[in-house]
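Data first, discussion second: the structure below is written as structure tokens.
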Amino acid sequence: MVLAQLGGSISRALQQMSNATIIDEKVLNECLNEISRALLQADVQFKMVRDMQTNIKKIVNLDDLAAGHNKRKIIQQAIFNELCKMLDPGKPSFTPKKGKTSIVMFVGLQGSGKTTTCTKYAYYHQKKGWKPALVCADTFRAGAFDQLKQNATKAKIPFYGSYMESDPVKIAAEGVERFKKENCDLIIVDTSGRHKQEAALFEEMRQVSEATKPDLVIFVMDSSIGQAAFDQAQAFKQSVAVGAVIVTKMDGHAKGGGALSAVAATKSPVIFIGTGEHMDEFEVFDVKPFVSRLLGMGDWSGFMDKIHEVVPMDQQPELLQKLTEGNFTLRIMYEQFQNILKMGPIGQVFSMIPGFSAELMPKGREKESQARIKRFMTIMDSMTNEELDSSNPKLLNESRILRIARGSGRPVREVEEMLEEYKRLAKVWSKMKGLKIPKKDAEANW
Ligand code: GDP
């Protein structure tokens, strides 16, 4: 994920600052310059970057900070807050409620990922117990109906469309009527896109909107346009009642950060981001966890969301208890690895775990990462219960390591590598001690 590059640069700058013995004006300036460079490279507007820098300097007055104050923490917090402010898009105009029929209309330019996103949105909600349905009112692009049909069939989501009818307004109205009768609680209408914002596109959108009376209009946009997202979002907002935005292709473009901040600047609430072509490469966009992940601090809520999805209900309380106890044993690591292997797109999951950075598990190298985890698990299979349940790293002395290596048929170097990984994770886990993790699914209501 290209955003990982931005995140990597920012967290490296913070780390460098943390390594300095004394934090003075020079060190702070270097850190801020480094972060600004990374943001500009991600196509964040120059003015926003400059404002961020000025604000941080205003908040962090090194001279005023009395000795004994944790300057580092204050600076990190200020950077976190400023980035959150820069990306805060506000709240959507409407949030569908499970069990109550809501009509959601998707709009956007052709190629923005609208049709793909409609299915991802439906699939996301279906997994959370909703009864979604898809209506293809895109009669402009040849093949749009086939694409929607194919995706919907794969996800077992009911769909409606026509090869014969060319009037999008008629199709949209019929589809919505039908799914209302079938008691679907989330009726998603995909509309046509055009290559550019033109009158015909906006007129058609207005007509479909009038015929279907959507509760929410979602504007889908491609992140690769970077800060030009500002103008596009403004144009759509002025023509239709855009209530929420989904930014797609955040996986492949260096300009993702710029697009997100530009959309936020138009006060259009981003609710999800698309992070790949697959159905489940789709994430709730929540600014604080997002920035926290960007800074390499993990996205605890996103990770928990995944845990709730894949860990069987009866095992969840036990896992949550173990996490909050902060007593990290090799057995817990083993169980985590099992969960991670079940969780699907592994790069996406890894980047959410506090302590893991997306850079460590880069996209495109999922197979390698998975193989590594499996090797670690093979090694752990040769460990005794005492070793697995101990949180004392000293227990694993040289002779035990040799025995484990022989037993698992893996080189000693690899056993040591696994133990290094364990130590690193244990350090991260210890920070979770006493953490209040939501017991119930922190489900997004849109
Ligand atoms: P539409 O014309 O707006 O309906 O766009 P489509 O849904 O047909 O998407 C256009 C292309 O973008 C397709 O090849 C999709 O697979 C791809 N796409 C959509 N969303 C994402 C995303 O989040 N990441 C990536 N990498 N590709 C995406």
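Derivation of every value follows stated rules applied to the coordinates shown; laboratory data play no part. Since this is a predicted model, take the numbers as computed values, not measurements. Counting neighbours? That spans all protein chains shown, and the Cβs are built from the backbone with ideal geometry, glycine included.
Structure values in brief
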| item | result |
| --- | --- |
| Estimated FRET transfer efficiency (residue 140, residue 424; beta-carbon r; R0 45 Å; 0.05) | 0.30 |
| Spin-label pair residue 385/residue 15, simplified geometry with 7 Å Cα→Cβ offset, distance in nm | 3.9 |
| Entries of 180/213; 98/213; 131/181; 196/267; 128/255; 98/154 with Cα pairs more than 20 Å apart | 196/267; 128/255; 98/154 |
| Dipole moment magnitude, nearest 20 debye, region 1-137 about Cα centre, only Lys, Arg, Asp, Glu C-beta charged | 1020 |
| P(r) of region 226-287 over all Cα-Cα pairs, binned every 5 Å from zero, in whole percent | 4, 19, 30, 24, 16, 6, 0 |
| Calculated FRET value between residue 267 and residue 30, using beta carbons and R₀ = 41 Å, to 0.05 | 0.80 |
| Förster radius 35 Å - calculated FRET efficiency between residue 395 and residue 70 (Cβ-Cβ, nearest 0.05) | 0.55 |
| Highest average packing first - 408-414, 214-220, 58-64, Cβ atoms within 10 Å | 214-220, 408-414, 58-64 |
| Label-point separation in nm, residue 57 to residue 100, each point 7 Å along Cα→Cβ | 4.9 |
| Stretchable slack from residue 46 to residue 278, in nm (0.36 nm times residue separation minus alpha-carbon distance) | 80.2 nm |
